[in-house]
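Notes follow the structure.
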Amino acid sequence: MLKINENYLKLKASYLFSDIAKRVSEYTSNNPDKDIIRLGIGDVTSPLPTACIEAFHKAVDEMAKEETFMGYGPEQGYSFLRDKIAEFDFNKRGVKISSDEIFISDGAKCDTGNIQEIFDTKIKIAIPDPVYPVYLDTNVMAGRTGENKDGRYQGIYYLESTEQNGFVPDIPSEDVDLIYLCFPNNPTGTTATKDQLKKWVDYAQDNNALILFDAAYESFIRDESLPHSIFEIEGADEVAIEFRSFSKNAGFTGTRCAYTVVPKKCRAFDNAGNKTALHPLWLRRQSTKFNGVSYPVQKAAEAVYSAQGQEEVKKLTNYYLRNAKLIIEKMTKLGFCCIGGDNSPYIWINGNRSSWEFFDLLLNNAGVVCTPGEGFGKCGEGYIRISAFNSYENVEKAMYRIGKVL
Ligand code: PLP
């Protein structure tokens with residue numbers, strides 16, 4: 001008899017965004033004449049930068065000619081892209097990361113989800129609450145948790161982000177092996193200082209642990225004092241893996257390109273307690289299960305690092321940050337406490353009522369879709385996340401409508 005992986009049955013019955021979609025579709029079928037403004041899901045709305053589109057087209061044309069056609073590419077990604085990433089995203093900021101420590105992929109979602117495969121199933125995991133759900137669900141699927149009881153999986157150490165700790169979780173009070181961190185954070189929009197990250201790096205060194213650092217929103221950082229990469233912290237290259245994406249800086253959510261940095265020094269331990277490098281394990285995993293991102297997409301991503309691309313990406317992220325500023329201004333004026341939004345496209349708002357009640361209120365009375373904080377974890381209850389990914393005009397309209405109903 002063929003048996004299923006029963007861990008899948010432990011997953012909470014419905015996924016946050018399908019719950020939202022259900023309520024939105026109910027609203028639209030009951031109110032066919034009303035338009036909806038979506039400030040919920042974190043998808044970008046502006047098209048790809050011109051520099052990327054031009055490089056994309058050129059590469060597609062190359063695929064049409066025998067002399068320039070490209071077949072399978074290197075599993076780790078083309079060096080023309082990895083070299084630029086190493087130079088612009090790390091070396092220029094004084095961080096020593098080499099091109100062969102970078103793995104190009106088709107998304108930070110798959111990388112943050114797949115990385116757990118290279119670790120033992122019996123390790124102790126620390127996951128933020130609230131959290132980008134992928135970290136948690138992929139560990140549930142892999143059998144690293146017990147059942148979900150009262151909204152929490154047994155066996156997971158939850159790193160609570162609350163008003164008390166300024167939404168940056170405290171260092172664990174017990175031993176954990178694998179720590180997921182995300183800054184600028186989804187969903188709270190908070191950032192971590194160098195001193196705060198150093199405490200995590202010290203913890204990982206002292207406890208033979210490892211940090212999985214998701215920096216998908218790095219391009220929204222404007223505060224010069226904030227670190228853009230965990231590798232800006234000395235010693236982090238031994239105890240951290242970092243995830244980046246072209247989704248939110250250059251609008252690649254539908255085009256798909258991201259990368260993961262696994263430094264050569266980065267280590268875990270085998271059953272006998274011997275230090276073991278993680279770079280060869282991830283390389284083995286990727287070469288076995290992944291055949292690379294398409295050549296035109298990597299060419300389009302490379303164009304992000306051209307002078308024109310850099311300028312366009314800055315303009316794009318500035319555009320969303322201007323939306324975020326407006327959201328903060330208006331919501332604060334209405335008496336709500338807002339977190340994030342200054343170095344991040346997300347604003348985390350204390351609604352002074354249940355998350356879903358606030359969600360329904362905004363949807364049914366203002367036609368605005370947000371994301372209920374509770375969907376990101378227990379600590380999200382009472383909050384909503386508003387995303388700045390939309391046109392300025394729509395954000396203005398949404399804020400006007402919200403102002404009328406609150
Ligand atoms: N990491 C975080 C924290 C995210 O919020 C998202 C997308 O919303 C991703 C990763 C996924 O990025 P990608 O589009 O590269 O898969």
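The values are calculated or read from the model by the stated rules, or taken from the named source; none is laboratory data. Predicted, not measured: the structure shown is a model, and the values here were computed from it. No Cβ is skipped: glycine too gets one built from the backbone with ideal geometry, and neighbour counts run over all protein chains shown. These accessible areas exclude ligands, DNA and RNA; they are computed on the full protein's heavy atoms, side chains included. Shrake-Rupley method; radii C 1.70, N 1.55, O 1.52, S 1.80 Å.
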In a shell of Cβ-Cβ distance under 12 Å around ILE347, excluding ILE347 itself, what net charge do Lys and Arg (+1) and Asp and Glu (-1) give? +1
Average projected area [Cα convex hull, region 102-205], square nanometres: 7.4
How would you classify region 22-72 from its alpha-carbon gyration tensor, with a ≥ b ≥ c the square roots of the eigenvalues: rounded for a/c under 1.5, else prolate if a/b is greater than b/c, otherwise oblate? prolate
With only Lys, Arg, Asp and Glu charged, each at its Cβ (+1 for the first two, -1 for the last two), find how big the charge dipole of region 176-308 is about the Cα centre; round to the nearest 20 debye. 580
Per residue, how large is the accessible surface of region 266-406? Use a 1.4 angstrom probe and give square angstrom. 42
Please identify, among VAL304, VAL134, VAL293, the residue showing maximal mean-square fluctuation in a Gaussian network model of the chain using a 10 angstrom Cα cutoff. VAL134
Whole Å is fine, so just give me how far the alpha carbon centre of region 35-75 lies from that of region 207-245. 27
Which residue, PHE252, PHE69, PHE17, has the most motion in a Gaussian network model of the chain that connects Cα atoms within less than 10 Å? PHE69
In whole Å, what are the Cα extents of region 291-406 along the three principal axes, biggest one first? 48, 32, 23
Using only the alpha-carbon atoms, what does region 184-283 span along each of its principal axes? Please give whole angstrom values in decreasing order. 44, 32, 20
When DSSP assigns beta bridges and you keep just the ones with both residues in the chain, what percent turn out antiparallel, to the nearest 5? 60
Given a 1.4 Å probe, the accessible area of region 182-245 per residue, as a whole number of Å², is 32
By accessible area (1.4 Å), largest first, MET63, MET331, MET1 order as MET1, MET63, MET331
Summed residue charge, Cβ within 12 Å of LEU16's Cβ, Lys/Arg positive, Asp/Glu negative: +1
What Kirkwood hydrodynamic radius do you get for the chain when you take the inverse of the mean 1/r over all pairs of distinct Cα atoms, in Å? 22.2
Rounded to the nearest 5, the percent of DSSP beta bridges in region 140-249 running antiparallel is 20
What number in nm² do you get for region 216-340 if you take the convex hull of its Cα atoms and divide its surface by four? 11.3
Of PRO345, ALA307, PHE231, farthest towards positive along the dipole that unit charges on Lys, Arg, Asp, Glu beta carbons give the chain: PRO345
Of PHE88, PHE243, PHE56, which is the most mobile in a GNM of the chain whose springs link Cα atoms less than 10 angstrom apart? PHE88
Determine the shape class of region 325-386: with a ≥ b ≥ c the square roots of the Cα gyration tensor eigenvalues, call it rounded for a/c under 1.5, and otherwise prolate if a/b is greater than b/c, oblate otherwise. oblate
In deg cm²/dmol, rounded to 500, what helix-only [θ] at 222 nm does the chain give when every DSSP H run of at least 4 residues adds -39500 (n - 2.57) and the total is split over its residues? -11000 deg cm²/dmol
Computed from every Cα-Cα pair in region 248-291, P(r) in 10 Å bins starting at 0 and rounded to whole percents is 23, 36, 29, 10, 3
Heavy-atom accessible area per residue, region 126-173, 1.4 Å probe: how many Å²? 39
Let's see if you can work this out: charge +1 on each Lys and Arg Cβ, -1 on each Asp and Glu Cβ, no other charges. What is the dipole magnitude of the chain about its Cα centre, in debye to the nearest 20? 540
Among bridges DSSP assigns within region 88-199, what percent are antiparallel (round to 5)? 25
Under the rule of at least 5 residues apart or a separate chain, name every residue whose amide H is placed under 5 Å from the amide H of VAL368. ILE37, LEU363
If you put +1 on each Lys and Arg Cβ and -1 on each Asp and Glu Cβ, how big is the dipole of region 267-406 around its Cα centre, in Debye rounded to 20? 260
Taking protein heavy atoms only, a 1.4 Å probe, and rounding to whole percent, the accessible area of the chain owed to carbon and sulfur comes out at 49
